[in-house]
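The values are calculated or read from the model by the stated rules, or taken from the named source; none is laboratory data. Here the structure is a predicted model, which means the values were calculated and not measured. Reconstructed Cβ throughout: ideal geometry from the backbone, glycine too, with neighbour counts over all protein chains shown.
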Amino acid sequence: MPLKKQPQVAIGVAVLALGVVLLATRFVSIGSAPAWLLGLGLGLTLLGLVQRSVAALVGGLAALGLGAGLVLGDVAAGALPKNAWTLLGLGLGLVAALPLGRLMALRVPRWSTALGAVLVAVAVLRAVRDFELITPRAEIALRTWWPVALVLAGGWLVVRAARGR
C-alpha cells in the first residue's frame, strides 16, 4: 500500500472502530460515554493539530462538542432541554473547526461549518420554543443507531484506500 494511503486507512479504521464501540454501548450499560467522547475528541484534536490533519481535527472537535453537550445535558445546565445541549455542543464543535483550521493554515471543508451552524440554529430554536425537528420516536432511533454511520464511513474509507483511490 502506498505511503500516501496509510493515513486514510488509519482514519478509516479509527472511525470504524469508534462506530463499533459506540454501537456496543447501546447494548451494554456504560455511564461514562461522555467521558469516552471527550477523551477521544481531545486525542483526535491533538492528533489533527500535530499532524495537520483536517479529518482528525474536525472529527476531534465534533467528538469534543458532542461529549460536552452530553455532559451539559446530563447536569441540565441552564434553561435548554437535554437534547438541545447535545445539538449545541456538536454544532459548536463543528463550527470551531473553521477558525482553528485557518489558524493552522488548513482547508476545513465547508460542510462541517454549515452542518455545525444548522445544529446550533436548531438548538437555539429548541430553546426559544418547543420546536420539534423530528418525532420523539425517530429521535430515539437516531440516538440509538447513529454510530452505524461511523461504521459505514470507516468501512468506506478503508475500502477506498485499499482500491488505491
What do you reckon, is residue 96 at positive phi and either touching a helix residue (DSSP H, G or I) at 6+ places or on another chain (Cβ under 7 Å) or not acidic (Asp, Glu) (or both)? no
Restricting attention to region 56-70, does a residue exist that is more than 13 Å from the chain's Cα centre (by Cα) and touching a residue at least 40 places away in the same chain (Cβ under 8 Å)? no
Could you please find all residues in region 83-137 being of a type in the set (Lys, Arg) and not in a helix (DSSP H, G or I)? 107, 129
With the requirement that a residue be surrounded by fewer than 17 Cβ atoms within 10 Å (Cβ to Cβ) and either under 14 Å from the mean Cα position of the chain (by Cα) or on the phi < 0 side of the Ramachandran plot (or both), what does region 101-112 give you? 102, 103, 104, 107, 109, 110, 111
If the requirement is being modelled with pLDDT of 85 or more, over 20 Å from residue 11 (Cα atoms) and basic (Lys, Arg), which of these qualifies: 102, 126? 102
Of the candidates 21, 54, 15, the one satisfying the condition of being more than 19 Å from residue 122 (Cβ to Cβ), modelled with pLDDT under 65 and surrounded by 14 or more Cβ atoms within 10 Å (Cβ to Cβ) is 21
